[in-house]
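This report refers to the structure that appears directly beneath it.
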Amino acid sequence: MKKKIATVLFIGMAAIQLTACIAFTCKEQGCDETDIYEDGYCKYHYGINAGEEALKDIINNWGN
Ligand SMILES: [Zn+2]
């Protein structure tokens, strides 16, 4: 879990450095969508990430 947070922070800092001189784009690697929907993602990638989180919750709750 801590590793994930560190990765997110690292990506976030890299993104800030990258976006300092270029237009702000989607956080998803390789995506240059500038129409940000929420949480730094374009609508498409925000949906994918939100879907993954929901899926993880379902899988985690299944075992209990
Ligand atoms: Zn995107």
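For segment 26-37, the condition holds for at least one residue, the condition being that it is touching a helix residue (DSSP H, G or I) at 6+ places or on another chain (Cβ under 7 Å) and not in a loop (DSSP other than H, G, I, E, B). Scanning segment 22-55 for residues that are touching a strand residue (DSSP E or B) at 6+ places or on another chain (Cβ under 9 Å) and more than 19 Å from Thr7 (Cα to Cα) yields Phe24, Glu33, Thr34, Asp35, Ile36, Cys42, Lys43, Tyr44, Gly47.
Within segment 24-36, residues that are among the charged types (D, E, K, R) have Cβ atoms under 8 Å from residues that are near the ligand (Cβ under 8 Å from one of its atoms) and in a loop (DSSP other than H, G, I, E, B) in these pairs: Asp32/Thr25; Asp32/Cys26; Glu33/Thr25; Glu33/Cys26, counting only partners at least 6 apart in sequence or on another chain.
Picking from residues in segment 26-49 that are of a type in the set (A, V, I, L, M, F, W, C) and within 7 Å of the ligand (Cβ to nearest atom), the one that is surrounded by the fewest Cβ atoms within 10 Å (Cβ to Cβ) is Cys31.
For Ala23, state whether it is at pLDDT below 90, aliphatic (A, V, I, L, M) and in a loop (DSSP other than H, G, I, E, B). Considered against the rule, which asks whether it is at pLDDT below 90, aliphatic (A, V, I, L, M) and in a loop (DSSP other than H, G, I, E, B), Ala23 comes out as yes.
The values are calculated or read from the model by the stated rules, or taken from the named source; none is laboratory data. A quick note: this is a predicted structure, and the numbers were derived from the prediction, not measured. Ideal geometry is used to build each Cβ from the backbone, glycine not excepted, and the neighbour counts take in all protein chains shown.
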